[in-house]
Every structure is written in structure tokens, then in C-alpha cells.
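Presented below is the structure to which this report refers.
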Amino acid sequence: MPDSRPRPPEDHAADAANGQSSALTLRGARLTDGRIVDVRLGNGRIEAVGTAGSLVAPGTRIDLRGHLLLPAPAEPHAHSDTALTADGAGPGLPGPASQRPEDVQRRATEAALLQVGHGATALRSHVRIGDVQGLAALEAVLQARRSLRGLADLTPVAVPRLLTGVAGADGLAMLRDAVKMGAGAVGGCPDLDPDPTGYAEAVLEIAAEHGCPVDLHTDGDDPARLARFAAMAGGLRQGVAIGPLAGLSLLGGAAAGRAADQLAASGVTVICLPQGGCCGAERRGTAPVRLLRAAGVRVAAGSGALRDLANPVGRGDPLEAAFLLASQNGLRAEQAYEAVSAEARLAMGLPEVRIEAGFPAELLAVRGEQLTGVLSLAYSRIVVHRGRVVARTSAVREYCDSDTDGGQGLPRQGRPETGVGGGP
């Protein structure tokens, strides 16, 4: 585990039984509309929002002056079972990373904690099933989910390799077993099956049987296949997501536009991966986000691979995904952050979060004054899940003494409370 991992969750039920308050007040936070507010949290929800200094309540108080308070991001596309495997067995140890269930569980937990530290309080993870591993990786990720209780919500997506023909019979049975075990969604990569359309049909059928969401991988470079998928998905009441669709960017303007219109009509959510693909066969790049949004497609953004062979330097940071959407895909900062927060939560079937009374207390405070600055330099972060702080990251930048400061102490990152000038 990283040295900066959050503390284990406290037993708030025991606190309540002992008459202790679990209320938390966030003081002096800046909102994206410029207001400086106090926010009182209790019982996992936002109880009140008032002008700075107006909320007096028992319980813990945290000073958030100098921080921008945001709805927490969510991670709609992680890969817990392969995370942190890029370096193999480790320094000085030859061979690939261990696939023993206890090692998969340890890496999955560590990867989730890294993403919680970035701000994601809910994660959806695609987990491979079948082949020689069977359901072992899924069971390991389910164990990781249990160990993360109180720190983050982790939902596994069962991902079989084959679902059609004679070879796919075992995959179909295993996918049904995976749902019974606790997989919260079904998915997979139709592009790797000999019959991609049949694969998608099988996934949609099992989702309809069990009433669970669908989340499929596809490169999206075949407009006819996309059209068939959109037509099939349109009748499914459960949430349907597809991504990363990087290949859609390579189609001609007219073909890509027709595909975008068909996806919009079906109600499918596209989950793009601005930080890179998560499968060796996928193209690098990002789906045509502006084209999809203009057609009315809901677009969320995920992180994809986190330091596995597909992306050995993957960060799993939703704010980096938002940064890339703004810097390389032309979205406004507000739109880019919505892709990793509001749109991601909607794609995952989670309740909406606003910084208003009555909404879930899933929050991220980042040092900064405006969203553009936060996406540029998102160093110090405080993460709130179910009404309590579950992770903190504090960064201090120091500079060497100048020749003219008379040997005074090093200036530190952050704007001073008083004084002239002094940018961050």
C-alpha cells in the first residue's frame, strides 16, 4: 500500500450509539460560482449551505479557505484486476505479476486507494472472467470492494472473452454466475469475438434477464456494427454505456456524424478515455467528444489503465482526464469536469450530487480559486465520501533562497492571506 493511504474507516454507528456527533462542517470553501460558503454534512448528506461563518454546529470543522469545493468525481472505467502490473513481479524479480487471488486483491485495493486519493469516491471496474482464471479475479475484486467499505464504492463489471459459438458456451454460463456472485454490470469486448454482433446481443440479453447495466468496450471504427448495437441497445431499460470509441475519430465526417446521431437516439452513454486506451488492440486517442456532444450523446470520461501493460504510466486521475478534455478536445473547463463527475455518476447509475442541502455528501476540495486553475495544477486535495474525509493530499512547493531576500525562509506554494502580489 502507498504510504499516503487514507486511514481505515471509523465506526460512525458506534459513535452515534455513544451519543457522539458525526457532523462535519466545511468552512470558508469557494464554489464555482464565486460564493464563499460553509457546508454542514451529516448522515452522509449535505444538511445545509450558508454564507461563510453562518453555520455553527457541533462536530468536526475543517477550514477550506483557499480551496474550491466540487462534487466528487467518479471513475466509470477502471481495470482493477490488471492495475499496477506493468512492472511485473517487482524490482529485481523476473517474470509477470502474480495472479494469485490474494495478490490481485491487494493490487486492486491499492489501485482503488490511489484513485480515491485523486478524488473518485465511486469506481466501476472491468474485470476479466473465463480462461484459466475463471472467476478468481472477480472474487478478488469483490474482496477488495469489501475492504474498501467506507472509503469508496467499487462496482465490478464482468468481462468475458468469448460469448458466441461452441467456445462461447462456457463464457455465457460464467457471465451469469458472475452476476450472481455480485458483479454490478456486464460487459466485454465484442471486437475480440468472431461474431461481434452476437456477442453484444448475448450481453444485452443477460443484462435484461438480471436487470443490470451494460458497459462494453469497442474501438468504434465500424459504423455498421455501431448502428446495429445502437438499435439493439435502444430497447433496454437498464443503463447502457459503450467506449472508448477512439476509432470513431478516424471515420469520415459524414459517417461519424451518422453514428453519433444513432447513438444519441438509442440513449447510450459514451465513456471516452482521454488518458489512453486500456487494451493493446485499441487505438490511442480519444473519441470525437465534441461531435458526440453536438449530436446529443451523453459523454463521460474514465481513466482506463492504471500502470498496467496497456498504459504503464496510467495515473487513474479523473482531473487529468478533465484536463485533457479541456486542453486537447476543446471543451470548456466546466464541461470537462462534468464529464468526470455528473456525467460519470449518471453513467454509473449513481444519484446526482450538487452542493445544496439534501444531496449526497460526495465532495472534492482542491486548492485553487477557479476551475481552470484547479484543472491546471490540482495538487492539494481533500476527499469526502458519505459525509466524512477519507483522503487528503497536501503539496508544498518550495524555492531556493534568492540573492536579495536576506536569507529569509523559503516562500511556499499558495497565496498568502495578506500582503502584496504573491501568486501561487
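The values are calculated or read from the model by the stated rules, or taken from the named source; none is laboratory data. Here the structure is a predicted model, which means the values were calculated and not measured. Here the Cβ is made from the backbone with ideal geometry for all residues, glycine too, and neighbour counts use every protein chain on show. Side chains included, ligands, DNA and RNA excluded: accessible areas come from the protein's heavy atoms. Shrake-Rupley method; radii C 1.70, N 1.55, O 1.52, S 1.80 Å.
Checked against (1) in contact with a Pro (Cβ under 7 Å, 6 or more places away or on another chain); (2) at pLDDT below 95, Ala301 meets all criteria but (2).
Identify, please: which residue in segment 24-35 is surrounded by 15 or more Cβ atoms within 10 Å (Cβ to Cβ) and more than 25 Å from the chain's Cα centre (by Cα) and is, among those, farthest from Ala361 (Cα to Cα)? Full working, then the answer.
As a first pass, look at segment 24-35 and keep what is surrounded by 15 or more Cβ atoms within 10 Å (Cβ to Cβ): 24-30, 32.
Adding the requirement that they be more than 25 Å from the chain's Cα centre (by Cα) leaves 25, 27-28.
Details: Thr25: 11, Arg27: 15, Gly28: 17 Å.
Among them, the one singled out is Gly28.
One residue alone among Val56, Val49 is part of a loop (DSSP other than H, G, I, E, B), open to solvent by 40 Å² or more (accessible area, probe 1.4 Å) and of a type in the set (A, V, I, L, M), and that residue is Val56.
Taking the stated definitions as given, is Gly235 modelled with pLDDT of 90 or more and either outside any helix (DSSP H, G or I) or crowded, with 17+ Cβ neighbours inside 10 Å (or both)?
Values: modelled with pLDDT of 90 or more: no; either outside any helix (DSSP H, G or I) or crowded, with 17+ Cβ neighbours inside 10 Å (or both): yes.
The answer is no for Gly235.
Condition check: open to solvent by 10 Å² or more (accessible area, probe 1.4 Å) and out of contact with any Cys (no Cβ under 7 Å at 6 or more places or on another chain). Does Gly184 satisfy that? No: the conditions fail for Gly184.
Quick one: which residue in Gly243, Gly247 is modelled with pLDDT of 90 or more and either farther than 22 Å from Ala83 by Cβ or assigned to a loop (DSSP other than H, G, I, E, B) (or both)? I'd like the intermediate steps shown before the answer.
Working: Gly243 fails: either farther than 22 Å from Ala83 by Cβ or assigned to a loop (DSSP other than H, G, I, E, B) (or both).
Going through Gly243, Gly247 in turn, the sole match is Gly247.
Taking residues in segment 305-324 that are touching a residue at least 24 places away in the same chain (Cβ under 8 Å), and partners anywhere that are of a type in the set (A, V, I, L, M, F, W, C) and open to solvent by 80 Å² or more (accessible area, probe 1.4 Å), the pairs with Cβ atoms closer than 9 Å and at least 6 places apart or on different chains are Arg307/Val313; Asp317/Phe323.
Mind listing just one residue for me: the one in segment 362-385 that is of a type in the set (Gly, Ala, Ser) and part of a loop (DSSP other than H, G, I, E, B) and, of those, modelled with the lowest pLDDT? Even if it seems obvious, please write down each step before you answer.
We begin by selecting, within segment 362-385, every residue of a type in the set (Gly, Ala, Ser); these are 365, 368, 373, 376, 378, 380.
Next cut, part of a loop (DSSP other than H, G, I, E, B) only: 368, 378, 380.
Numbers: Gly368: 94, Ala378: 88, Ser380: 95.
Checking each candidate, the answer is Ala378.
Ala336 meets each of the listed conditions (1) more than 15 Å from Glu75 (Cβ to Cβ); (2) surrounded by fewer than 24 Cβ atoms within 10 Å (Cβ to Cβ) apart from (2). Residue pairs whose Cβ atoms lie under 9 Å apart, sitting 6 or more positions apart in sequence or on different chains, and linking a residue in segment 175-188 that is on the phi > 0 side of the Ramachandran plot to a partner that is among the aromatic types (Phe, Trp, Tyr), are Gly188/Tyr199. Residues of segment 194-209 that are closer than 15 Å to Ile129 by Cβ and open to solvent by 10 Å² or more (accessible area, probe 1.4 Å): Ala202 alone. Scanning segment 114-142 for residues that are open to solvent by less than 20 Å² (accessible area, probe 1.4 Å) and over 20 Å from Val179 (Cβ atoms) yields Gln115, Val116, Gly117, Gly119, Ala120, Thr121. All of (1) of a type in the set (Ser, Thr, Tyr); (2) modelled with pLDDT under 95; (3) closer than 13 Å to Pro156 by Cβ hold for Ser125 with one exception: (2). Please verify whether Gln328 is farther than 30 Å from Ala208 by Cα, surrounded by 21 or more Cβ atoms within 10 Å (Cβ to Cβ) and modelled with pLDDT under 95, treating the condition exactly as stated. When the stated conditions are applied, Gln328 does not pass them.
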